[in-house]
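Reading through the structure tokens given below for one structure.
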Amino acid sequence: MSAARRTGRKTAFLAATATFSLFLIAALIAAWSVFYAPGPSARVGETTIVALPSGAGVSAIAATLKSAGVIRSTDMFKAAATLTGADRKLRAGEYEVPSGASLRSVLVLLVEGRVVRHYVTLPEGWSSAQAIDILNNQAILTGTVEVTPDEGTLWPDTYEISRGEARASVVARMSRAHDDNLARLWAARSPNTVVRTPEEAVILASIVEKETALAAERPRVAAVFTNRLRTGMRLESDPTIVYGITQGRPLGRGIRRSELDRQTPWNTYQIDGLPPTPIANPGREAIAAVLNPPETTDLFFVADGSGGHAFARTYPEHLANVARWREIERRKAGLPPTVPAPVAAEAAPEAGSDAAALPPGVTVPPGARVIRIPPPAPAQ
């Protein structure tokens, strides 16, 4: 081969190599610009919600993103995921992709698992009917709850939920949490508790829960009701009247005298002992307070104007506390002060009651009905 021909071939090879290099560089620049360039705009609003199912491969994920309008090309996404090693790190879940997010930004979201997390809270002291209302207001949940759970069988807490989860599934989780937590609390109960079963503990705890919003007061309120049950006094709890009227929903007004006198299975002004069911879903502190009540001789409590309650051992002390509370109410309403009400003398137990059942120093208000309660059976 002549020198001229060899030179020509060499020149042609170099030219081809240069052309290919330029093409490769141009391709890399184009790919680089696509990788970092702004992606498609969101079809509605400023973000796009994309749910990637567990176990989905790169091709399925790319198709889902393309269908949602988050990326422009499935091939480009798969190539970028493969070249960056992201294809082995993509995580399932629900993502909120910003409008115009670049391909790189989308991959970072999926690799780092920046999923959208949803929570729903059942507050302490809310009824089962209110719990279903909460779940029905969560648009990301599906299905319906055909039957409202029994009162007191749901555990107040904050639960993480996922898009598409069935409402009945969330209710089942709340119920399991109730059973598990109640079992642990029951196992740690004190001999001082007046309740005989876990079910009774929930009933009394639901009343304690509705009587005070202050966690620090729950043990003392539980002690008042424990003392009343031991001495045979009626619980006389206003929230039990409300439950007999609304079945757990807020009354939205004061209790009327006719409602106080109305016979319902839950009205503890009219029934002896505990009502047949809880009046709400009590939380951990209320149940623990009922199962481990402090030793006190308190029998009464009334609001003190500061968000808490004033407690009393005797009825005259209670009357004085009530008078102070009424005066606070009058001042708040802008009414003139009244002459202090006379304090009644201490009353003796009602005729025919079992005075020996009362703790030392405890008196019973006039007209209160005292019920004899048999002592607990001795331990075997």
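Using the Karplus curve 6.51 cos²θ - 1.76 cosθ + 1.60 with θ = phi - 60°, what ³J(HN,Hα) values do you get for each residue of region 169-184, in whole Hz, with x for Gly and Pro?
Per residue, the Karplus-derived 3J(HN,Hα) values read 5, 5, 4, 4, 5, 4, 5, 5, 4, 4, 4, 5, 5, 5, 4, 5 Hz.
How long is the gain from residue 303 to residue 236 if the chain were fully straight, where each residue apart is worth 0.36 nm and the alpha carbon distance is subtracted?
Contour length minus Cα-Cα distance gives 22.6 nm.
Using amide H atoms built in the peptide plane, which far-off residues or other-chain residues are under 5 Å from residue 47 H to H?
Amide H neighbours of residue 47: 99.
Between region 87-145 and region 291-321, what's the alpha-carbon centroid distance in Å?
So the separation of the two Cα centres works out to 45 Å.
Return the long-range amide H neighbours of residue 52 (sequence gap of 5 or more, or a different chain), with a cut-off of under 5 Å between placed amide H atoms.
93, 94, 95
With each pseudo-label sitting 7 Å past Cα toward Cβ, what's the residue 82-residue 257 distance in nm, one decimal?
For the pair residue 82/residue 257, the computed spacing is 8.6 nm.
Tell me the per residue accessible area of region 140-255 using a 1.4 Å probe; a whole number in Å² is fine.
Accessible area per residue: 45 Å².
Can you give me the distance in nm between label points at residue 162 and residue 330, each placed 7 Å from the Cα along the Cα-to-Cβ direction?
6.2 nm
Non-local amide H neighbours of residue 161 (under 5 Å, H modeled in plane, Pro and chain starts lacking H): which ones?
Here 118, 119, 120 satisfy the definition.
Hey, what do the phi angles of region 295-303 turn into as Karplus ³J(HN,Hα) couplings, whole Hz, using 6.51/-1.76/1.60 and θ = phi - 60°, x for Gly and Pro?
8, 9, 10, 5, 10, 9, 7, 8, 4
Could you tell me which trypsin sites (Lys or Arg not before Pro) in region 206-282 are loop residues by DSSP with no more than 11 other beta carbons within 10 angstrom of their beta carbon?
253
Provide the FRET efficiency to the nearest 0.05 for the residue 197-residue 292 pair, computing r from the beta carbons and using R0 = 25 Å.
E(calc), rounded to 0.05, equals 0.95.
I want to check the label-to-label distance for residue 169 and residue 150. Put each point 7 Å from Cα in the C-beta direction and report it in nm to one decimal.
Roughly 2.6 nm, to one decimal.
The values are calculated or read from the model by the stated rules, or taken from the named source; none is laboratory data. Note that the structure is a prediction, hence the values are computed from the model and not measured. Cβ sites come from the backbone with ideal geometry, for glycine too, and all protein chains shown count toward neighbours. Just so you know, the surface numbers come from the protein's heavy atoms only, side chains and all, with ligands and any DNA or RNA stripped out. Shrake-Rupley method; radii C 1.70, N 1.55, O 1.52, S 1.80 Å.
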